[in-house]
Amino acid sequence: MVALEYYGRILRNVRGKILVFSKDQIITGAVAAVISAVLAIFLKLTPLRPGVAMAVFALLGYLVVVLLRFLILALQEPAALDQQQARELDRLIAEVATLRQALEAKHPHDVHLEERARQVLGRLDQHERAFVSLLLDRGNIPRAELAPRGYANAPQTIAEKAPHNGFIPYEPWRPGNGVVDLGGHYFLNPNLLPSIRNVLHPPSPPVP
């Protein structure tokens, strides 16, 4: 199918150009036809009258010029089509590269948040980073599960290393009159969540 489309395009291009003649080509064909007719009459190579002979040879000359032009274009058009397709491919590649750069570009505020997340995570030890990773996977962890999982002090130590960041907020659960906290849960700051994810699990670079 690809080969048929390729050669069909060549044929369409040749057909579109076959009858497009320059002034020099028309004059050359006409002069050659007249000279051929005169020589044929002079050498008595044709029994036709001079007027008829010139008309016939002019038509034959025109057909010969068309045939020669067809053959020349048929030989030249594949290379011209390949060059055109190469230019189109280069243009598409440039457009894709531009779109990829636009998609990969980060907003300055996102860069700022990611830098904040990187600074905080850089202060944490392996155990505290594991707790952050667990929150990233789980979304939230009830306070009652911290001790059994070995993270009883993790929220406090992380808060001490990341002051004023609101890195791991706590949402209490106060049913009834709302006075007594019966056990809430910890979660990652939603504003920092994408940045924390990118720092802990950097995205793979795009394939060229």
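With a point put 7 Å past each Cα toward its Cβ, work out how far Ala144 is from Gln83 in nm, to one decimal.
Label-label distance for Ala144 and Gln83, simple model: 7.9 nm.
If R₀ is 30 angstrom, what is the calculated FRET efficiency for the pair Asn153 and Lys106, using the beta carbon separation as r and rounding to 0.05? Walk me through the numbers before you get to the answer.
Details: r = 34 Å, r/R0 = 1.15.
Rounded to the nearest 0.05, the efficiency is 0.30.
Taking only Cα atoms of the stretch 108-200, what ratio of Rg to Rh do you get with Rh as the Kirkwood inverse-distance radius?
Details: Rg = 13.8 Å, Rh = 13.8 Å.
Ratio of gyration radius to Kirkwood radius: 1.00.
Roughly speaking, what is the stretch gain from Leu75 to Ala97, that is 0.36 nm per residue apart minus the C-alpha to C-alpha distance, in nm to one decimal? Walk me through the intermediate numbers first.
Values: separation 22, 0.36 × 22 = 7.92 nm, distance 3.46 nm.
Full extension from Leu75 to Ala97 adds 4.5 nm.
Taken together, the values in this text are just the output of simple stated rules run on the coordinates, not laboratory data. Computed from a prediction, not measured in an experiment: that's the story for all the values here. Cβ: placed from backbone, ideal geometry, glycine included. Neighbour counts: every protein chain shown.
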